[in-house]
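The values are calculated or read from the model by the stated rules, or taken from the named source; none is laboratory data. No experiment lies behind these values; they were computed from the predicted model shown. Here the Cβ is made from the backbone with ideal geometry for all residues, glycine too, and neighbour counts use every protein chain on show.
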Amino acid sequence: VRMITASFLTKDLHVWWPVGARWFLDRLLDGDVASNNHGWQWVAGTGTDAAPYFRVFNPVTQGRRFDPRGDYVRRWVPELAHLPGPQVHEPWTVEDGYAGGYPRRIVDHAEERAEALARYRAVRGATGRPG
């Protein structure tokens, strides 16, 4: 869940990774500065052992893979508990998906993924690295 959250914040919402890292460290019971920062740098594609910049986790795919029945979502997001099966991962595709008071989606993952990759390519090009 931490990795998916970090990917969404940095690559879908385009928030600088230290913002998320600071928030996590402030909230985590098991927070460790080195581990936390390294994890955020890895996900953002900026660390010493970074994930490839083009790795952008799809939150729907990850949800389906690791929570196929939607049990985790239903437990922690009660506004979506009324949705059957894996539909909890895509409430915007269900006619009454927002009936429980859950807010409308704020970004389209495919569009923001493309934007994130364009930004990474621009930086790589500015530094003379192929991308």
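Taking every residue in segment 37-61 that is at positive phi and in contact (Cβ under 8 Å) with a residue 24 or more places away in the chain and pairing it with any residue that is surrounded by fewer than 19 Cβ atoms within 10 Å (Cβ to Cβ) and in a loop (DSSP other than H, G, I, E, B), at least 6 positions away or on another chain, the pairs with Cβ-Cβ distances below 9 Å are G45/A51; G45/P52; G45/Y53; G45/F54; G45/R55. Going by the conditions given, is L29 farther than 15 Å from T10 by Cβ, surrounded by 15 or more Cβ atoms within 10 Å (Cβ to Cβ) and assigned by the TED database to the domain that holds M3? For L29, the condition - farther than 15 Å from T10 by Cβ, surrounded by 15 or more Cβ atoms within 10 Å (Cβ to Cβ) and assigned by the TED database to the domain that holds M3 - is not met.
Within this structure, G85 fails the test of being farther than 26 Å from A114 by Cα and surrounded by 18 or more Cβ atoms within 10 Å (Cβ to Cβ). Candidates in segment 93-121 are the residues that are at pLDDT below 90 and not in a loop (DSSP other than H, G, I, E, B); of these, the one that is surrounded by the most Cβ atoms within 10 Å (Cβ to Cβ) is Y120.
Residues in segment 45-67 that are touching a Pro at 6+ places or on another chain (Cβ under 9 Å) and either closer than 17 Å to H14 by Cα or surrounded by 17 or more Cβ atoms within 10 Å (Cβ to Cβ) (or both): 3 in all.
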